[in-house]
Amino acid sequence: MNNSVGNTGRLLWAGFRALILLTVVCGVLYPLAVTGVAQAAFHGKANGSEIENADGKVVGSSLIGQTYLTKDGKPDLTWFQPRPSNGLGENSVNTQYKLILSGATNLAGDNPELVKQVKQARAAVIKDNSTATYKVRPASIPADAVTSSGSGLDPAISPEYADLQVHRVAERNHLSVAQVQKLVDGHKDGRILGFMGEPTVNVLELNIALQQLTTKS
């Protein structure tokens, strides 16, 4: 009896010590070590890939898209616009590019609602980006200009869509086309390692550079 109680006590004490040790190692030391390495080696990514404007204020993340709207909720055409965000639609908790949850439309390619969305987006792209000296040709509109991404929060657009917006942005900001095109060219990112993915342009980073350019002009 006494031996049984003693053995049980020793086992409980050994288990308690193992619990304390593992809690300290796995719950305190390991997280601190990983956090320290991440902050030292990947500071930006560890903090959410935050982007600051010229004033040093955090204005967003390079991983999440944003809207650029006027006070009445229409696209602010002085800025480069992101791709459509039709994923989960809009309701009491979700609005485009301000989604608590992200997602795709899940509509088939021949779905009438998707076809309607694409046609409306194409018409808007032509209307918004055509200027007195530049007319958008329907054949030149890239797919990402009229369709949303799988997440609905894509922070980047294709170089083709960025190029398509150059004339409109130049006109709205009283800049030359050459100035804005140079800005876009400087923000084009190629494929990862030269072969993975597609070339992109981060819209937030491009618009911050545009803001700096207009401030200097």
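Readers should treat all values here as calculations from the given coordinates under stated rules, not as data from a laboratory. Bear in mind the structure is a predicted one, so any value in this text is a computation, not a measurement. We place every Cβ from the backbone using ideal geometry, glycine too, and count neighbours over all the protein chains shown.
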For Ile64 and Val177, calculate 0.36 nm times their separation in residues minus their Cα-Cα distance, and state this gained length in nm to one decimal.
-> 37.9 nm
Here the range 52-65 yields Karplus 3J(HN,Hα) values (6.51, -1.76, 1.60; θ = phi - 60°; whole Hz; Gly and Pro given as x) of 10, 8, 5, 8, x, 8, 5, 10, x, 10, 6, 9, 10, x
Around Tyr68, which amide H atoms from residues at least 5 apart in sequence, or from another chain, sit under 5 Å from its own amide H, with H modelled in the peptide plane?
-> Asp76
What's the longest piece of the chain with no exposed trypsin sites (Lys or Arg not before Pro), counting a site as exposed if DSSP puts it in a loop and it has at most 14 other beta carbons within 10 Å?
-> 72-134
Enclosed volume per residue, in Å³, of the convex hull spanned by Cα atoms of the range 50-216 = 144 Å³
Theoretical FRET efficiency, 1/(1+(r/R0)^6), r = Cβ-Cβ of Arg10 and Ala41, R0 41 Å, to 0.05 | 0.40
What FRET efficiency do you get for Met196 and Ala108 if R0 is 35 Å and r is their Cβ-Cβ distance, rounded to the nearest 0.05?
-> 0.80
Taking the Cβ of each residue in Asp163, Asp76, Asp110, Asp154 as the centre, tally the other Cβ atoms inside 10 Å and list the residues starting with the fewest.
-> Asp110, Asp76, Asp163, Asp154
Around Pro75, with a cut-off of 13 angstrom between Cβ atoms, what is the net charge of the other residues, counting Lys and Arg +1 and Asp and Glu -1?
-> +3
With -39,500 (n - 2.57) per DSSP H segment of 4 or more residues and division by the full residue count of the chain, the 222 nm estimate, nearest 500 deg cm²/dmol, is -14000 deg cm²/dmol
Stokes-Einstein D for the range 2-43 at 37 °C, 0.692 mPa s, Kirkwood Rh over Cα pairs, in µm²/s?
-> 265 µm²/s
